[in-house]
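Just so it is clear, none of the values below were taken in a lab; they were calculated from the coordinates. The structure displayed is predicted, hence computed values, not measured ones. Every residue, glycine among them, receives a Cβ derived from its backbone with ideal geometry; neighbour counts consider all protein chains shown.
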Amino acid sequence: MAAPIKVVVTGAAGQIAYSLLYQVASGAVFGPEQPVYLHLLDIAPMMGVLEGVVMELADCALPLLAGVLPTANPEEAFKDVAAAFLVGAMPRREGMERKDLLSANVRIFKEQGQALDKVARKDVKVLVVGNPANTNAFICAKYAPSIPKENFSAMTRLDQNRAQSQLAAKLGVPVQNVKNVIIWGNHSSTQFPDASNSVVKIGGGEKPVPAAINDDNYLKTTFVSTVQKRGAAVIAARKMSSALSAAKAASDHMRDWFLGSGDRWVSMGVISDGSYGTPRDIVYSFPVTTSNGKWKIVEGLTISDFAREKLDLTGKELVEEKQDALDVCKD
C-alpha cells in the first residue's frame, strides 16, 4: 500500500462536500491502492456540524482513510496537501447574479491562494469548485506565485457531464457511449457546450454525434440552452444548488487529472495560452487530455463561425470578471 497523501476539502461541512468526502475516502478518486489523509476546512461557526461529518467518516470504516483533520485554520488545512478541492464559497441563491457572488468569494480565494503558497506542496493540484469558479481559480493562482499556474483548474466537468447525459438521452444510448463533448469558456450561462466533435457508439459502430442526431437546430439551441441553464433548473426544483452531481464531477475531474483521461477528452478550466483565439491569462475551459498528472489542450479542432461567436462571448465575460476580481483584491 502506498503512503497516504494529504487531501484538503474546503467548505467541508457543506452540501457538496457531504457527497464528495465519501468518494475521495473510498478510493474513487485517487485509486483503490492510495490511502488518503483528509484535511477538512470550514469556518469557525461550522465546526460543530463538521464534527458530525468526522463521526460519519469514522462510521463508514473506510480502509483507505488514514486520518481526518477538521480545522478552521487555512494554514493548518493546506499544510503539505497533494490535492485541494476548493468547494467552500458563498452559494448562489435563487435570483442571485454571479456578480453578487464575485466580490464575496474572490476575497476567500485570495486568502486560500496565500495559504497554499505558504504551506502546500509545490506540486499540489488545485481544483476550484466554488463559484465563480474560473475567476476564483485565476485569483487563487495569482496569490500562490510559487506554485505553477497549470496546477490550478476550475471545474467545468459538471457541465460536460450534463451535456453528455443530454446527448445520450436524445440518442437513446448509455451515457458512456458518448464521448468528446466539449465545454468552452466560463462555468456560467455564457459557456458553450459543443457537440460538433463528439462521437457516439451506436448500431455497432462509431458515428459523429451531429450526424447521428441529424438536427442542427437542436444542437445550436435546445441542447446549448439546456446545459447552460441546468444549474438554475436544479435550484428551482430542489431549492438548493446541485450537490450530488457537483461532487461526482469534482471526483471525475481530479481522478482524470491524477490517473489520466485515456482516449477521452475532458473539459477543464485552465490558464489560457491563447489557444483557439481565446484571451490569454484567464482561466478558460478547453478540451484537454491528461496523462502523468499533466493536462494538454486538444489541438487542431475546426471552429465554425457559430462556435467562434460563442467562444468570444464567454471569453469577453471572463476578461471582465477577471478585471472586477482584481479590483476587489485591491480594496
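Considering just Cα atoms, how many Å³ per residue does the convex hull of the stretch 94-216 enclose? All intermediate terms of the calculation are to be shown ahead of the outcome.
Values: hull volume 16.2 nm³, N = 123.
Each residue corresponds to 132 Å³ of Cα convex hull volume.
Just check the stretch 157-321 against the gyration tensor rule for me: Cα atoms, a ≥ b ≥ c as the square roots of the eigenvalues, rounded for a/c under 1.5, and otherwise prolate or oblate depending on whether a/b exceeds b/c. List each step's numbers first, then the result.
Numbers: a/c = 1.18, a/b = 1.12, b/c = 1.05.
Cα axes put the stretch 157-321 in the rounded bin.
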Residue among Leu86, Leu21, Leu158 with the largest mean-square fluctuation in a Gaussian network model of the chain, springs linking Cα atoms under 10 Å: Leu21
Per-residue HN-Hα couplings for the stretch 133-138 [Karplus 6.51, -1.76, 1.60; θ = phi - 60°; Hz; x = Gly/Pro]: 4, 4, 6, 4, 5, 4
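Restricting the count to DSSP beta bridges whose residues both fall in the chain, what percent are antiparallel, rounded to a multiple of 5?
50 percent
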Helix axis angle, 305-330 relative to the chain longest principal axis, alpha carbon, degrees: 20 degrees
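Quick one: work out Rg over Rh on the C-alpha atoms of the chain, Rh as Kirkwood radius. Intermediate values should be presented prior to the final figure.
Working: Rg = 19.2 Å, Rh = 20.1 Å.
Checking Rg against Rh, the ratio lands at 0.96.
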Straight-distance crosslink candidates among aspartates and glutamates, where the alpha carbon sits under 18 Å from Lys142 and sequence neighbours closer than 8 are dropped: Glu75, Glu111, Asp117, Asp123, Glu150, Asp273, Asp281, Glu320, Glu321, Asp324, Asp327, Asp331
Cα-based shape type of the stretch 152-241, given that a ≥ b ≥ c are square roots of the gyration tensor eigenvalues and the cut on a/c is 1.5: prolate
Cross-link reach list, aspartates and glutamates versus Lys170, counting only Cα pairs under 14 Å and skipping chain neighbours closer than eight places: Asp215, Asp216
Fluctuation leader among Asn180, Asn131, Asn292 - the chain, Gaussian network, Cα springs under 10 angstrom: Asn292
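Test of the criteria: in the stretch 91-175, which trypsin sites (Lys or Arg not before Pro) are in a DSSP loop and have at most 12 other Cβ atoms within 10 angstrom of their Cβ?
Working: sites: Arg92, Arg93, Arg98, Lys99, Arg107, Lys110, Lys118, Arg121, Lys122, Lys125, Lys142, Lys149, Arg157, Arg162, Lys170; in loops: Arg92, Arg93, Arg121, Lys122.
Answer in residue order: Arg93, Lys122.
Exceeding 23 Å between C-alpha atoms, which entries from my cross-link table qualify? They are Lys149/Lys310; Lys122/Lys248; Lys6/Lys248. Walk me through the numbers before you get to the answer.
Working: Lys149/Lys310 25 Å; Lys122/Lys248 26 Å; Lys6/Lys248 20 Å.
Correct reply: Lys149/Lys310; Lys122/Lys248.
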Pairs of Cα atoms farther than 25 Å apart, the stretch 9-147, %: 25 percent
Degrees separating the helix 15-26 axis from the principal Cα axis of the chain, which is the longest one: 80 degrees
